[in-house]
Amino acid sequence: MKTIYVDNAATTAMSDKAIEAMTPYLKEVYGNPSSLHTVGQVAKEALEKARADIAECLNADPREIYFTSGGSEADNQCIRSGALNGAMKGKKHIISTAFEHHAVLHTLKKLEKEGFEVTYLDIHENGLVTAEQVKEVIRPDTALVTIMYANNEVGTIQPIREIGEVCKKAGVVFHTDAVQAVGHIPVDVKADNIDMLSLSAHKFHGPKGVGALYCRKGIPLKTFIEGGAQERGRRAGTENIGGIVATSVALKEACANMKANAEKMKKLRDRLIDGLLKIPHSKLNGDRTNRLPANVNMCFEGIEGEGLLLHLDARGICASSGSACTSGSLDPSHVLLALGLPHEVAHGSLRLSLCEYNTEEDVDAILKAVPEVVSYLRNMSPVWEELEKGQRQHLI
Ligand SMILES: *Cc1c(COP(=O)(O)O)cnc(C)c1O
């Protein structure tokens with residue numbers, strides 16, 4: 001049975017180019033970039049070339065890029081830096097949203113315990129916030145605004161440029177978790193008015209365990225991992241050269257092919273959405289147009305997302321009910337609840353996140369499997385029976 005992998009928002013397969021590019025750094029060029037001898041210096045050159053290439057993709061200066069162990073670490077370091085810099089000036093207010101990734105939300109929860117106040121903006125039912133909402137709650141003591149570029153579950157793309165402009169005018173540092181955006185849609189830190197940004201390699205066909213953050217010149221980046229002087233003293237530890245080189249190659253490849261990939265995926269995505277909406281009592285979550293080219297997120301009334309996933313997996317289709325981080329727990333996704341969906345509906349969610357390796361045949365197979373599995377599960381569901389008998393109101 002062929003595997004159809006449509007869980008690319010959780011992680012992606014590495015590209016062949018990225019694997020090829022990293023291999024020499026695992027074999028011949030194994031030097032420590034901090035060493036003064038030739039093998040070390042060759043590694044150092046590769047590190048700095050990767051930094052420059054990544055900076056170019058984001059329209060940043062290489063000195064504004066710091067490597068981390070992934071998106072989560074980048075989020076932690078950016079947000080804590082922004083908060084601590086503010087606190088030194090007596091500013092302890094932070095603005096964010098209720099549908100951020102847990103790397104952001106859990107960092108904010110900790111900061112709240114440490115005496116910071118966080119305002120979580122309401123998400124509109126289409127999965128978007130507005131710059132106007134930020135403007136309404138920004139205060140003289142606001143230290144930081146952190147709002148994700150594109151949501152990992154419903155794929156909605158936030159008005160980052162406008163939000164950045166509001167922050168700039170108010171003199172407030174603006175961080176964005178751009179893990180789902182970088183390599184997928186155009187991201188330009190200058191044009192988008194971004195002060196700090198997080199990215200992760202394994203979301204654009206790079207390796208797992210490698211990420212980077214952008215911190216605009218002039219903003220002091222705090223250190224959380226103490227040790228050697230790597231990353232200009234901001235993040236200690238011998239650099240993952242192979243992984244970093246692979247990250248830069250994967251990102252360059254993603255940016256070079258961005259337009260063509262997006263067009264291809266939008267076609268597949270739109271076929272999936274139109275096909276799945278034919279299932280009665282189904283709903284697309286998140287704005288239809290303002291969304292990532294690769295994201296489909298649906299709810300089907302009267303079923304449990306977990307059941308749907310297991311049956312799809314048995315047919316070789318690897319999908320998700322939402323965030324990889326909440327799978328395994330029985331709580332519905334915090335993102336779908338933030339969009340205002342009732343618990344019963346949020347439980348029946350399905351996220352299909354595509355990549356450029358997916359085909360029309362994959363879409364055919366999914367459009368055959370999902371309606372069959374949904375019918376099968378509904379026929380066994382006591383909730384569905386009550387809905388059918390009119391003992392319970394349909395919510396979608
Ligand atoms: C995957 C993801 C992260 C975490 O990145 P890791 O590299 O897995 O730590 C953070 N934010 C968003 C939006 C993500 O999709």
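The values are calculated or read from the model by the stated rules, or taken from the named source; none is laboratory data. These numbers were taken from a predicted model, which means no experiment stands behind them. Positions of Cβ are generated from backbone atoms using ideal geometry, with glycine treated the same way; all protein chains shown enter the neighbour counts.
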Quick one: would you say Arg51 is over 30 Å from Asn295 (Cα atoms) and of a type outside the set (Val, Ile, Thr)?
-> no
Mind counting the residues in the range 346-361 that are part of a helix (DSSP H, G or I) and under 15 Å from Asp274 (Cα atoms)?
-> 1
Which is in a helix (DSSP H, G or I), at pLDDT 90 or above, within 18 Å of Thr97 (Cβ to Cβ) and more than 16 Å from the ligand (Cβ to nearest atom), of Leu337, Leu310?
-> Leu337
Can you name the residue in the range 191-213 that is of a type in the set (A, V, I, L, M, F, W, C) and assigned to a loop (DSSP other than H, G, I, E, B) and, of all such residues, is farthest from the ligand (Cβ to nearest atom)?
-> Ala191
Of the residues that sit in the range 113-131 and are surrounded by fewer than 16 Cβ atoms within 10 Å (Cβ to Cβ) and more than 23 Å from the chain's Cα centre (by Cα), which one is farthest from the ligand (Cβ to nearest atom)?
-> Gly115
Please state which one of Ala87, Ala83 is hydrophobic (A, V, I, L, M, F, W, C) and surrounded by fewer than 22 Cβ atoms within 10 Å (Cβ to Cβ).
-> Ala87
What are the pairs, 6+ residues apart or on separate chains, where a residue within the range 204-232 that is over 20 Å from Pro33 (Cα atoms) has its Cβ under 7 Å from a residue that is of a type in the set (Asp, Glu) and more than 16 Å from the ligand (Cβ to nearest atom)?
-> Tyr214/Glu64; Cys215/Glu64; Arg216/Glu64; Arg216/Asp195; Lys217/Asp61; Lys217/Glu64; Ile219/Asp195
Tell me which of these Lys389 doesn't satisfy, since it passes every other one: (1) farther than 20 Å from Ser321 by Cα; (2) modelled with pLDDT under 95; (3) within 21 Å of the chain's Cα centre (by Cα).
-> (3)
Going by the structure shown, is Ser72 touching a residue at least 24 places away in the same chain (Cβ under 8 Å) and either surrounded by fewer than 18 Cβ atoms within 10 Å (Cβ to Cβ) or away from the ligand (no atom under 16 Å from the Cβ) (or both)?
-> no
Given Glu56, Glu28, which one is among the charged types (D, E, K, R) and either at pLDDT 95 or above or under 19 Å from the mean Cα position of the chain (by Cα) (or both)?
-> Glu56
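Yes/no matrix, rows are residues, columns are (1) crowded, with 24+ Cβ neighbours inside 10 Å; (2) over 15 Å from Ala254 (Cβ atoms); (3) within 11 Å of the ligand (Cβ to nearest atom):
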{"residue": "Asn151", "(1), (2), (3)": "yes, yes, yes"}
{"residue": "Ile163", "(1), (2), (3)": "yes, yes, no"}
{"residue": "Lys168", "(1), (2), (3)": "no, yes, no"}
{"residue": "Gly171", "(1), (2), (3)": "no, yes, no"}
{"residue": "Thr176", "(1), (2), (3)": "yes, yes, yes"}
{"residue": "Gln180", "(1), (2), (3)": "yes, no, yes"}
{"residue": "Gly183", "(1), (2), (3)": "yes, no, no"}
Taking interchain pairs and intrachain pairs at least six residues apart, which have beta carbon atoms under 9 angstrom, with the first residue in the range 296-324 and of a type in the set (Val, Ile, Thr) and the second surrounded by fewer than 24 Cβ atoms within 10 Å (Cβ to Cβ) and assigned to a strand (DSSP E or B)?
-> Val296/Leu284; Ile317/Ile4; Ile317/Tyr5
Counting just the residues of the range 132-143 that are surrounded by 18 or more Cβ atoms within 10 Å (Cβ to Cβ) and in contact with an Asp or Glu (Cβ under 9 Å, 6 or more places away or on another chain), which one comes out nearest to Cys299 (Cα to Cα)?
-> Gln133
Evaluate the range 89-100: report whether one residue or more is within 21 Å of Pro220 (Cβ to Cβ), within 15 Å of the ligand (Cβ to nearest atom) and of a type in the set (A, V, I, L, M).
-> no
Can you find a residue in the range 265-284 that is within 16 Å of the ligand (Cβ to nearest atom), modelled with pLDDT of 95 or more and either assigned to a loop (DSSP other than H, G, I, E, B) or not acidic (Asp, Glu) (or both)?
-> no
Residue in the range 12-21 that is in a helix (DSSP H, G or I), crowded, with 19+ Cβ neighbours inside 10 Å and of a type outside the set (S, T, N, Q) present | yes
